[in-house]
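So the structure is just underneath, and the comments pick up after that.
The values are calculated or read from the model by the stated rules, or taken from the named source; none is laboratory data. Because the structure is a prediction, the values reported are computed rather than measured. Every residue, glycine among them, receives a Cβ derived from its backbone with ideal geometry; neighbour counts consider all protein chains shown. Accessible surface areas use protein heavy atoms only, side chains included; no ligands, DNA or RNA. Shrake-Rupley method; radii C 1.70, N 1.55, O 1.52, S 1.80 Å.
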Amino acid sequence: MSKQLTIHNSNGDQAGQMDLEENVFGVEPNVHLMHLAVRRQLNNARSGNACAKTRAQVRGGGKKPWKQKGTGRARAGSLRSPLFAGGGVIFGPVPRDYSIKMPVKARRVALKSALSARFEDTLIIKDFSALTAPKTKEFTKILDGLKLTGKILIIADTKAQENQHLELAARNLPNVKVILPSNINVKDILEADSVVMCEAAVTEITERLMK
């Protein structure tokens, strides 16, 4: 079974119909798996480099600051104790890996769920061959022709000849994000107000998710 979407050209005019695989673009969205996929993506982006030195790692403090008895002060063996300014940190943060794993099949279902959930906000365009130069002004005219506003996600093969100017033309627009079909992810799809896919990108995504 398949679902249909209209293919538009760069001017916003209709250029035909495209059948979309229902097993990719028409599944029942699995909210739990989409949540796990977004959580995994955010966790895997964390650097985990926060680090504080313990008293053993802070430089100095080898000399006993004052004698053990007779001064009236508390016993001290090192000025690098956590009790002193400039001393070590008790149970401070250490470099760690925040990444979490998710089965490949579950990630695939999460992507299908996200694409299906945003089906009504998805627009298919033939390609971006109308961009004759990497100019933001030309790209803005295309968006106006397609009547797109808000946060826009564009999924296209920017290495293809017909899309060669897309990445440079779009990068100055803060509300537009361009990604390769191989880099689609649940977070970007759900965050966008509109999802624009090239015809070739739809075919590539379908072949990948139908495996």
Lys and Arg at +1, Asp and Glu at -1: neighbours of Asn49 with Cβ under 15 Å from its Cβ sum to +2
Would you tally the net charge around Gln164, using a Cβ to Cβ cut-off of less than 12 Å, leaving Gln164 out, and scoring K and R as +1, D and E as -1? -3
Net charge over other residues, Cβ less than 12 angstrom from the Cβ of Ser81 (K, R count +1; D, E count -1): +4
Which residue fluctuates most in the GNM of the chain (Cα springs below 10 Å): Ala52, Ala110, Ala15? Ala52
Quick one: compute the contact order of the chain, relative version, from alpha carbon pairs under 8 angstrom and 6+ residues apart, as a percent. 25
I want to verify a result. In a Gaussian network model of the chain, Cα cutoff 10 Å, which of these has the top mean-square fluctuation: Gln164, Gln17, Gln57? Gln57
Rounded to 5, the percent of DSSP beta bridges in the chain classed as antiparallel: 30
For region 188-196, in residue order, the Karplus 3J(HN,Hα) values (coefficients 6.51, -1.76, 1.60; θ = phi - 60°; whole Hz; Gly and Pro = x) are 5, 5, 6, 6, 6, 7, 9, 10, 10
Return the long-range amide H neighbours of Glu21 (sequence gap of 5 or more, or a different chain), with a cut-off of under 5 Å between placed amide H atoms. Lys3
For Val178, distant residues with modelled amide H under 5 Å away: Ile154
On a 0 to 90° scale, report how tilted helix 31-44 is relative to the longest principal axis of the chain, with both axes built from alpha carbons and the result rounded to the nearest 10. 50
Just tell me which lysines come within less than 27 Å, Cα to Cα, of Lys105; anything on the same chain fewer than 8 places away is out. Lys3, Lys177, Lys187, Lys211
Within the accessible area of the chain, what % is carbon and sulfur when the probe is 1.4 Å and the other protein chains stay in place? 50
Ignoring everything but the protein chains, give the 1.4 Å probe accessible area of Leu143 in square angstrom, nearest 10. 10
Volume of the Cα convex hull of region 51-201, divided per residue and given in Å³: 208
Keeping all protein chains in place, calculate the accessible area per residue for region 110-207 (probe 1.4 angstrom), answer in Å². 46
Trypsin sites (Lys or Arg not before Pro) within region 157-194: DSSP coil, no more than 13 neighbouring Cβ in 10 Å: Lys159
If the convex hull of the alpha-carbon atoms of region 32-116 is projected onto planes in all directions, what is the mean projected area in square nanometres? 8.4
Using a 1.4 angstrom probe and counting only protein chains, how large is the accessible area of Arg40 in Å², to 10? 60
Can you give me the accessible area per residue for region 22-63, using a 1.4 Å probe, in Å²? 72
